[in-house]
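Data block below; observations after.
The values are calculated or read from the model by the stated rules, or taken from the named source; none is laboratory data. Just so it is clear, the structure is predicted and the values come from calculations on it, not from any experiment. Reconstructed Cβ throughout: ideal geometry from the backbone, glycine too, with neighbour counts over all protein chains shown. The area values use the complete protein model at the heavy-atom level, side chains included, leaving out ligands, DNA and RNA. Shrake-Rupley method; radii C 1.70, N 1.55, O 1.52, S 1.80 Å.
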Amino acid sequence: MRVYVPLTLSGLAEAYKTGELGAEPLVAYAVTPGLREWYLSDDIEELEYAALSRAALASLRLLAADPGAARRRTVVAVDVPDGIASVDPDRGLDPAALGEVRVAAVVALAKVASVHVDAQDAEADVAAAAQALPAADGGDDDAQFVVDGAEDHELLWFATQEIQNLVVGLGG
């Protein structure tokens, strides 16, 4: 099963240093039954993109909670064995948790398939979105417009061999 793990660049640097993607249970995003129902598509590529987008929003939330982190959303794609990732039954119907899964195992950085990170030119929009996120969550339409502005930026794809270059200077 492919899962998308939301991080920050500093979180990626820490994973590069330790060789692991954080402590278990690891919050990630995947094509879940709830995401399939919400997205209304049978196209697996579209569903995978929707899961990646949910992880990018979760990365934005991590950035909002860490003002010192580089303002670039970061998502790591990794394949985990079936049964390792599961939907929290208490959050399965929560719209904020669409696609959210818990990975009940330590995930080695060596298992990563790819990394997705905002380009540097997205930093201003991502910074504004991270700042506007609490107001958007509270129903402020103007703030939601700012958050959506970050989503207008496509995450760039990086091979695992490029992780070191991404985290240079961030403690990696």
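Nearest 500 deg cm²/dmol is fine: what mean residue ellipticity at 222 nm does the chain get from its DSSP H runs of n ≥ 4 alone, each adding -39,500 (n - 2.57), divided by its residue count? Could you put the intermediate results ahead of the total?
On the way: 6 runs with 70 residues, N = 172.
Result for the chain: -12500 deg cm²/dmol, rounded to the nearest 500.
Arranged from highest to lowest average of other beta-carbon atoms within 10 Å per residue, in what order do the peptides 131-139, 81-89 appear? Write out the running numbers ahead of the final one.
Working: 131-139: 14.9, 81-89: 13.2.
Going from most to least packed, we get 131-139, 81-89.
Overall size of region 1-93 from C-alpha positions, given as principal axis extents largest first: 38, 27, 25 Å. The residues of the chain have, on average, 52 Å² of accessible surface per residue, using a 1.4 Å probe with all protein chains present.
Taking every pair of alpha-carbon atoms in the chain, give the share separated by more than 30 Å as a whole percent.
Numbers: 1828 of 14706 pairs.
Tail of P(r) above 30 Å: 12 percent of Cα pairs.
For the chain, the residue among F145, A135, W157 whose Cα projects farthest onto the positive side of the dipole built from Cβ charges is W157. Highest mean packing first, where packing is the average number of other Cβ atoms within 10 Å per residue, the peptides 25-33, 102-110, 71-79 line up as 71-79, 25-33, 102-110. For region 58-106, the Kirkwood radius over C-alpha pairs fed into Stokes-Einstein at 37 °C and 0.692 mPa s yields D = 256 µm² per second. Take each uninterrupted DSSP H stretch in the chain, measure its Cα extent along the helix axis, and return the ones at 20 Å or beyond whose mean Kyte-Doolittle hydropathy is at least -1.0. Helices meeting the criterion: 44-65, 123-137.
Can you send over the carbon and sulfur percentage of the accessible area for the chain, probe radius 1.4 Å, protein chains only?
Details: 4660 of 8920 Å².
Carbon and sulfur together cover 52 percent of it.
Using the Cα centre as the reference, give the magnitude of the dipole from point charges on the C-beta atoms of the chain (Lys, Arg: +1; Asp, Glu: -1; all else neutral), rounded to the nearest 20 debye.
740 debye
In this Cβ point-charge picture (+1 for Lys and Arg, -1 for Asp and Glu), region 1-89 has a dipole of about 520 debye about its Cα centre.
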